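Undergrad: Structure below; questions to follow.
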Amino acid sequence: MELTKEQSDIIASAGNIKINAVAGSGKTTTIIEYARTRPGLCKILYLAFNKSVKFEAAGRFAALKLNNVKVETAHSLTYRHVVLQSRYKVRTQGYKTNEIAELLGLKGNGEKHAEYVIANHINKFVAYFCNSDKRMVRELNYLDTITDPKAQIFVESFYDYIETQSRLLLSKMDKGEIEITHDFYLKKFQLSNPVLHYDYILFDEGQDASAAMLDIFFKQKATKIIVGDTHQQIYSWRYAVNSLEKAAFKTYQLSTSFRFSQDIANLAMHILELKSSLGEYQAVPITGKGSSGEIKTSATLARTNLGLLLRAIEYVTGKREIGNIYFEGNINSYTYADEGTSLYDVLNLYNQKYHLIKDKLIRAMKSIEELEEYIEKTEDAQLAMMVEIVKEYGNEIPDIIKAIKKKHIQNDDKEKAEMVFSTVHRCKGMEYDCVQLANDFITEEKLKQLVEKENSGSLNAAKLNEEVNLLYVAVTRAKNCIYIPETLIPKGFPGSPQIHLLNVVGEEVKVQGQKTETMGNPDKKAFSIEKSYSVAQLRDRHKEAYRPWTPELDDELTIMFCEGVSIKEMAKHFGRTRGAIASRIRKLELEDLYG
């Protein structure tokens, strides 16, 4: 294997180092070669970001017979030292808001659902502490994590109570009175000041490390190597910190990507330059040495679950004949929040069918408006996403989800999927031949508006930097070609045959010198180009979406179906989404009767 000079310099280095590696630059290969060239008697620990990376790396080390290398994730390492040496029982999914309210016997001050809002903040305060490097809860100011003004006012009013109850919940876990969380046992390990008996510790994906794990890493006597990409930090919502910026080690670069060509590398660099409006920014050189090939894998990527589900709905309902599809991660996770609240619970609340609601928190709400008030006070983005989907598609949701699941295939058959759907967080570390982006990422125009609107004292530059990172990560999943809404293209980007622009309705935009056929496969489009609306645009376009279907409307729909009018045209005519039209067609069994 021929290594680049940058890789060779890293392998030949001595002492603690940090490696800033661009997407697709072969950092795992570099780390493996680094380990291979160390003496066989040295004990080496490789810390992987997640299970899939761990298993892949372990297989590659084993294939080279590097038996002196131990591969762990942060949680598998700490689980072995804390949980297996105790009587603790781990709660796999974490605690629900209503469970915390019941466990702690929380009480509000008469304010509507205050006990649940308080429980939600306790849950997040505990996670904030467990992921921090602090030794006491009181060393943190939870208000630093709150951005919504209404949520800030609520937390300020109940701060002492929230902090006290957070400490009580941690105490109950510590004493074994209740099950512990994954965050808790990692924190427990950090507070024990552990000594890891290794000669070298290789820390991968360092840009998304928690401060707690970073504290453990820095305190070890072993030679330390930390690798990552400062522009791929996308987990600050889980209280991750960019450890590459905190590590005072000698810096090495991996700036050549073997995943994609220079055209995609140029787009990635233009996207990162958006950060210059947020403060001091040092340009990142990226050399693309990937080669174009046959389009075998196609993926639709979105920033949010809502954006992805909207694209999946458009994709499945927009065509009568489609092949199999695949969702990265558990497909059910796209209809459930982390705490287990179902999209169907929110739908039942919307329809006031309280007897069908299973989730206790949702059942406590009298209306969708009350739920929205709760969301404002807690900044619960996942619940907000569910409310928006319910408002957009209403009672068409069960049929739509059923249609999506019918086309979904299992993990073992992923390569047979016509289209893979994923959020950026779920596709981290993955790559696809061709990628289409949903229209829910931050745009250059929106970024500039936020910068101009906020003064320097209130601008959350770190959060906006991460929004740019999400777009960068999404673009750099592509190996051969990208279909991207033109609103997401930075001004001044010259265009490329590998980068296809979509306008607001998802139609391909011709640019100078650009061919419209897919790279490496001119006779077949990698994507059926469909509408790429934002949520706000969808709401505006479909003001009639919630009007009940009447016999007269059904007759009109039936006539249009028999006349061969497309779903696209019918949706435009009725002022509804294509998902709603397709669902009504199934409801009336028009395809069986007249298809």
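The values are calculated or read from the model by the stated rules, or taken from the named source; none is laboratory data. Values in this document were obtained by computation on a predicted structure and should not be read as measured data. FYI the Cβ positions are ideal-geometry reconstructions off the backbone, even for glycines, and counts take in every protein chain you see. The area values use the complete protein model at the heavy-atom level, side chains included, leaving out ligands, DNA and RNA. Shrake-Rupley method; radii C 1.70, N 1.55, O 1.52, S 1.80 Å.
Undergrad: Just to verify a result, which residue in the range 36-52, among those that are at pLDDT 95 or above and among the aliphatic types (A, V, I, L, M), is farthest from the chain's Cα centre (by Cα)?
TA: ILE44
Undergrad: Also, quick follow-up: If a residue must be outside any loop (DSSP other than H, G, I, E, B) and modelled with pLDDT under 85, how many such residues does the range 318-350 contain?
TA: 6
Undergrad: Restricting the search to the range 177-213, which residues are surrounded by fewer than 21 Cβ atoms within 10 Å (Cβ to Cβ), under 23 Å from THR223 (Cβ atoms), hydrophobic (A, V, I, L, M, F, W, C) and at pLDDT 95 or above?
TA: VAL195, LEU196
Undergrad: Moving to a separate point now. Which residue pairs have Cβ atoms closer than 7 Å, lie 6 or more positions apart in sequence or on different chains, and pair a first residue in the range 477-504 that is open to solvent by less than 10 Å² (accessible area, probe 1.4 Å) with a second residue that is modelled with pLDDT under 85 and among the charged types (D, E, K, R)?
TA: Every condition considered, the pairs that remain are HIS500/GLU508; LEU502/GLU508.
Undergrad: Give the range 404-421 a look and list any residue that's out of contact with any Phe, Trp or Tyr (no Cβ under 7 Å at 6 or more places or on another chain) and open to solvent by less than 10 Å² (accessible area, probe 1.4 Å), or say none.
TA: ILE404
Undergrad: Consider GLY59 against the criteria (1) touching a helix residue (DSSP H, G or I) at 6+ places or on another chain (Cβ under 7 Å); (2) closer than 20 Å to LYS428 by Cβ: it satisfies all of them except one. Which criterion is unmet?
TA: (1)
Undergrad: Somewhere in the range 243-259, is a residue open to solvent by less than 30 Å² (accessible area, probe 1.4 Å) and touching a Pro at 6+ places or on another chain (Cβ under 6 Å)?
TA: Within the range 243-259, one or more residues are open to solvent by less than 30 Å² (accessible area, probe 1.4 Å) and touching a Pro at 6+ places or on another chain (Cβ under 6 Å).
Undergrad: Hey, among the residues in the range 356-403 that are polar (S, T, N, Q) and in a helix (DSSP H, G or I), which one's most open to solvent (accessible area, probe 1.4 Å)?
TA: Let us first name the residues in the range 356-403 that are polar (S, T, N, Q), namely 367, 378, 382, 395.
If we keep only those that are in a helix (DSSP H, G or I) too, we end up with 378, 382, 395.
Values: THR378: 0, GLN382: 56, ASN395: 99 Å².
Ranking the candidates gives ASN395 first.
Undergrad: For ILE322, work out the one condition from (1) on the phi < 0 side of the Ramachandran plot; (2) crowded, with 17+ Cβ neighbours inside 10 Å it doesn't fulfil.
TA: With (1) on the phi < 0 side of the Ramachandran plot; (2) crowded, with 17+ Cβ neighbours inside 10 Å applied to ILE322, the lone miss is (2).
Undergrad: Taking the range 98-125, which residues are closer than 28 Å to ASP215 by Cα and either open to solvent by less than 10 Å² (accessible area, probe 1.4 Å) or not in a helix (DSSP H, G or I) (or both)?
TA: Selection gives ASN120, HIS121, ILE122, PHE125.
Undergrad: Checking VAL435 against (1) under 20 Å from GLN233 (Cβ atoms); (2) open to solvent by less than 20 Å² (accessible area, probe 1.4 Å): exactly one of these is not met. Which one?
TA: Result: VAL435 fails condition (1) only.
Undergrad: Which count do you get for residues in the range 264-296 that are surrounded by 14 or more Cβ atoms within 10 Å (Cβ to Cβ) and acidic (Asp, Glu)?
TA: The total comes to 1.
Undergrad: Give me the residue from the range 217-242 that is closer than 23 Å to ALA127 by Cα and in a loop (DSSP other than H, G, I, E, B) and, out of that set, most open to solvent (accessible area, probe 1.4 Å).
TA: In this case the residue turns out to be LYS219.
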